[in-house]
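Quick notes on the structure that follows.
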Amino acid sequence: MRLTLFLTLLLLLTASCTNQQSSGKQLTLAVVSGVEGDALKQAARDYESQTGTHINIAEFPYTNLFEKELIDLKARTGAYDLIMLDDPWFPRFASEQFLTELTPLLERRGQSGPDSDFVATSVALCRHPYQTGPLYALPYVGNSQLFFYRKDLFEKHSLKEPATWQDVLTAARTIQEKENGIYGYVMRAAQGNAAVADFMPIFWAFGGEMFDASGKPSVNSPEGIAALEFMLQLGKYSPPGYASFNADEVGAHLLQGTAAMSINWPAWISSFADATKSKVTGKMEFSTLPAAQRPGQAEIGNWLIAIPRDSQNADAAMDFLLWATSAEQMKRSAERGNPPTRQSLFRDAELVAKYPAYPAQLRSLESSRPRPRTPYWNEIENAFGIFLSKANSGELSPTEAMNQANAEIEKILQRTQATQ
Amino acid sequence: MIKNLRYVLLLPALVFALAPVYWMLTISLKTEVDQFASPPPWFVFTPTLQHYYDAFVTRAFGQYLITSAVVAVTSTACALVIGTAAAYGLARFQLPWRLNRRLSLWILSTRMFPAIVTAVPLFLMMRDVRLLNTRASLIIVYTAFNLPFVVWMMHGFFADLPRDLEEAALVDGDSRLGALVRVVLPLVAPGLAATAVFCLIVSWNEFLFALVLTQTDAAMTLPVGIAGRVTQYEIKWGVMSAAASVAIVPILVFALALQKYLVRGLSLGAVKG
């Protein structure tokens, strides 16, 4: 009796061991959970049935994907043949030489470089150094921030379209005073990525720069402090507690119709047309970001696909990569809800009929800016976000917050330079 | 009167314990508009099964459920077999150099460092023996992490048991192992049940190692799958709640089935102190 029990256990153990993949023509692909990864998963299944190449999918939550990929790349497991990566991670991966250079693989296929149909700002992200260096990835999902506002409320109170941040402030004040239960603006200022993502477009429009020409941090410039002061003014028209909001709370307020304006990402657009998710169907308008001293610029946030240097199947991976980013396949990804990175698709009549915000998205993407390109962006964003959040919760004055943030960013740079 | 008062006191405790479960169940049945409505519709809303469909038909949560079950049950069984044997040895045999106490403490000490410390070494070891992304890797790790608990719990139960019973069996010609299986184990069954439930819950809920050691749907467990619904821009509360609501069922059923033993097992341990 106990022997049989023991034997069954042993059997179970060995049975689960044989789950290991056998060798053969196959690729392993690391994707992010969510609509971006879902589209690539679907594409992989189509590719499988067309070519017979078996594709294993490894799917991870956004918050874990970066560490997961970093561990695997550092340990040189060669576990992945293709990885999806968010563009701010790219400088880290590229500078540590974790990725395969794609140009030789392209040349072997008779192409001199990436297809010119890709949006220039998207391809620039895939080069290291930015814009000028060798190519290590191809852009797959073309997100960039948009300005969301309630068209119906703007018409009702005869407000003009929010072209500048001053217009936004005026509109926020008007709407909050005249409407019952609607906040003029909703922003997210939780520590970390949230606060920084909502602040950067204001910071850039006010003329702020994170690093000066010599590469020293300069967030506490007069322009930077003015931008943060403006953010706090706008915060007066944001729901209470916004200093701890993340994307989810912002989305909920907009969908429930309790806030009138916001900076947000294209992933939310489709929810506004769905009555099970939105109380304001057909009332939301999407435009490029407002200007101030300088024209408005959105943060770009593209999903790229790269081939790790330790992949044993770089050639097969490249075939899949080119196939998945071709106009035909990317159109299918777009139909599944992902903004493309090809100009032709943003202008595609069928897609524009389905996604009326595409023209605005293309304008936003073409004029967008990347987050500062540094391998240490994650640490810097984290530190910067803490001080922005503290300023928004009233713990620090704008000047103090920016001075302390500047000192902290300088420390991070010194520490990382010392270890290099 | 006293009895009624007892219920009055129990009621707030019950509400306190069950409110999160109620909230999770209702979220899993609400459309997004209702999930975020303020004030929330507590009792009256139009239920939808869409989130359950998304979780178990569109996505592979059914497969995660099977993986979780295989891993949790197998590792619990392994930990019980090995741990009970070890505990019996420590409780009944006098080892030289005060090893009984020293070994026990050594076993316990493996629980004293934070689990995250072992994550990367385990990852590298599993990579070298080519067990990454398999159920086996999780079974091995969970067994190892449950062992100290099993050894210490069962040690307490064995120490409580008078030796005379086994000795009677030995005198009657049974082997040591026979006496353990036929005489001792039935007597500590409540303890075994309590220990099993604990191991099962720990393995069922474990997140860190499941995340680090698995890479694809083939070996992914429920907690990792559920966490995967926190996407970059949105948190899919509906799907997460639907999957979590289903995930509590097996543990609930198992715990209810063993309830009779559980109360006895836990109080046995408590008296021992």
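At-a-glance table
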read-out: Residue-span extension gain [A:Ala353 to A:Glu179] - 0.36 nm each, minus C-alpha spacing; value: 59.4 nm
read-out: Lys, Arg +1 and Asp, Glu -1 on Cβ, resulting dipole of chain A about Cα centre, debye, nearest 20; value: 320
read-out: For the protein assembly as shown, share of DSSP beta bridges that run antiparallel, in % to the nearest 5; value: 65
read-out: Top positive-direction residue, dipole computed over chain B with Cβ charges, set B:Trp23, B:Thr46, B:Phe207; value: B:Phe207
read-out: Loop-resident sites, the range B:48-103, for trypsin sites (Lys or Arg not before Pro), counting at most 13 other Cβ within 10 Å (DSSP); value: B:Arg98
read-out: Span from the the range A:82-137 Cα centroid across to the the range A:299-374 one, whole angstrom; value: 13
read-out: Crossing angle, helix B:259-272 versus chain B [Cα axis fit, 0-90 degrees, rounded to tens]; value: 50
read-out: Top of A:Pro134, A:Pro340, A:Pro290 by mean-square fluctuation, Gaussian network on chain A, Cα under 10 Å; value: A:Pro134
read-out: Nearest-ten-degree value, helix B:61-92 long axis tilted from longest Cα axis of chain B; value: 20
read-out: Distance from the range A:227-260 to the range B:1-73 (C-alpha centre basis), Å; value: 29
read-out: Peptide A:203-210 - average C-beta neighbours from other chains (10 Å radius); value: 0
read-out: Ranked packing of A:249-257, B:35-43, A:180-188, most packed first, by mean Cβ within 10 Å; value: A:249-257, A:180-188, B:35-43
read-out: Label-point separation, B:Asp128 to A:Thr103 (7 Å along Cα→Cβ), nm; value: 4.0
read-out: Cβ neighbours within 10 Å from other chains - mean over B:123-130; value: 2
read-out: Rounded Å value of the spacing that divides the Cα centres of the range A:194-214 and the range B:166-238; value: 51
read-out: Estimated distance in nm for a label pair at B:Val181 and A:Asp167, the labels positioned 7 Å out from Cα along Cα-to-Cβ; value: 8.3
read-out: Cβ-placed point charges (K, R +1; D, E -1), dipole of chain B about Cα centre in debye, nearest 20; value: 500
read-out: Per DSSP, loop GluC sites (Glu not before Pro) in the range A:68-141 with at most 13 further Cβ within 10 Å; value: A:Glu96
read-out: Chain B: most fluctuating residue of B:Val239, B:Val188, B:Val129 per GNM, C-alpha cutoff 10 Å; value: B:Val129
read-out: Partner lysines for A:Lys68 [C-alpha distance under 22 Å; skip if fewer than 8 residues away on the same chain]; value: A:Lys41, B:Lys236
read-out: Violating pairs (Cα-Cα greater than 30 angstrom) within the set A:Lys160/A:Lys331; A:Lys279/A:Lys354; A:Lys354/B:Lys30; A:Lys74/A:Lys331; value: A:Lys160/A:Lys331; A:Lys74/A:Lys331
read-out: Those lysines that a straight Cα-Cα span of less than 16 Å connects to A:Lys216, excepting residues fewer than 8 apart in one chain; value: A:Lys411
read-out: Among A:Ser95, A:Ser144, A:Ser364, residue whose mean-square fluctuation peaks in a GNM of chain A (springs only between Cα atoms under 10 Å); value: A:Ser95
read-out: For residues of B:230-243, the mean tally of beta carbons on other chains within 10 Å; value: 5
read-out: With Cα atoms, 0 to 90° folded angle of helix B:237-257 axis to chain B main axis; value: 30
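All of the numbers you see were taken from the coordinates with simple rules; none came from a lab. Everything quoted here is computed from the prediction, not taken from an experiment. Cβ atoms come from the backbone with ideal geometry, glycine included; neighbour counts cover every protein chain shown.
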